[in-house]
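Okay, so here's the structure we're looking at.
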Amino acid sequence: MNAGTASSNGKADAGNSAIGARLRDARVACRLEAEQVAEELHLDTGIIRAIEAGDMAALPAPIFAQGYVRSYARLVGLPEDELIRDFNAQCADPPPLSVISAGDKPPLIRLPSARLIRNVILIMLGAIMLWLAYPFVERLVSSQGEEATEQVPGRLELPPEFDSEQPSDNTD
């Protein structure tokens, strides 16, 4: 381990303990016990003691610890943003969230445009409607053809002619 790393860790621990000392002093000024603060913030008493001692190893991930410090500062009436800024400056870990550009890779499957999908659906619906209407249209056309052979008012149909070879019923 080199000297630069030890001094930077010592500086971070001193800063975290300074934040913890400010929170502890404000808690004492508010006449609150660590157990009361833990109960109010719905935290374990060990987390409150670790924040006050500046023990980052005993705390969860920095993003959670940051929320705990913010809530603690709000409870005891300290400026939240200032303490969080100091906490982030002294925290050795970078924030866990980062922005990643999604435009680097082309999509795996390229979907067709909405206009194309709409047109295909409309064509399919039209074809289905024609298929379903075909029997009705066929019946309509055939019934119109039958109407031409039926009797039309004002038209006289003659009975069929008798064949001369057939015997007649009158035999006198």
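The values are calculated or read from the model by the stated rules, or taken from the named source; none is laboratory data. From a predicted model like this one, the values you see are computed outputs, not experimental measurements. As a convention, Cβ positions derive from the backbone with ideal geometry for all residues, glycine included, and neighbour counts pool all protein chains shown.
Points to keep in mind about this one:
- Positions within segment 83-117 being modelled with pLDDT of 90 or more and surrounded by 11 or more Cβ atoms within 10 Å (Cβ to Cβ), in sequence order: ILE117
- Residues that are touching a residue at least 12 places away in the same chain (Cβ under 8 Å) and either in a helix (DSSP H, G or I) or under 11 Å from GLY20 (Cβ atoms) (or both), drawn from segment 56-69: MET56, ALA58, LEU59, PRO62, ILE63, ALA65, GLN66, TYR68, VAL69
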